[in-house]
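Inspection log for the structure reproduced underneath, given as structure tokens.
Here, each number is a calculation from the coordinates, and none is a lab measurement. This one's a predicted model, so the numbers in the text were calculated from it and none came from an experiment. Cβ atoms come from the backbone with ideal geometry, glycine included; neighbour counts cover every protein chain shown.
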Amino acid sequence: MSTRYNNGSHYENHQRAAELHDGAAHAHRSAAEQRGKQDHLTGQERSRQALEHSRNAYERSAQIRQAESTEPAPPPAED
């Protein structure tokens, strides 16, 4: 994650990236489990679900970016 858009420390940026990565991994595991339970779905239905998940992920990412861009900047460090 670039610090260009976030005034947090490198550590905070790395932690946030790790949280997002873990969330995505969890979503993929859940989807894999569901695929095993829903083998009867057609290719068209799977495509529809994939598009829906993609849109949800995009909207959630946009919400996170918006929230991060509106956070107040931390006070400058004193020497």
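Listed values, structure above:
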quantity	calculated
Contour minus Cα-Cα distance for residue 17 and residue 49 (0.36 nm per residue)	9.0 nm
Contour excess over end-to-end distance, with Cα ends at residue 24 and residue 9 and 0.36 nm allotted per residue	3.1 nm
Label-point gap, in nm, between residue 70 and residue 32 - each point 7 angstrom along Cα→Cβ	3.7 nm
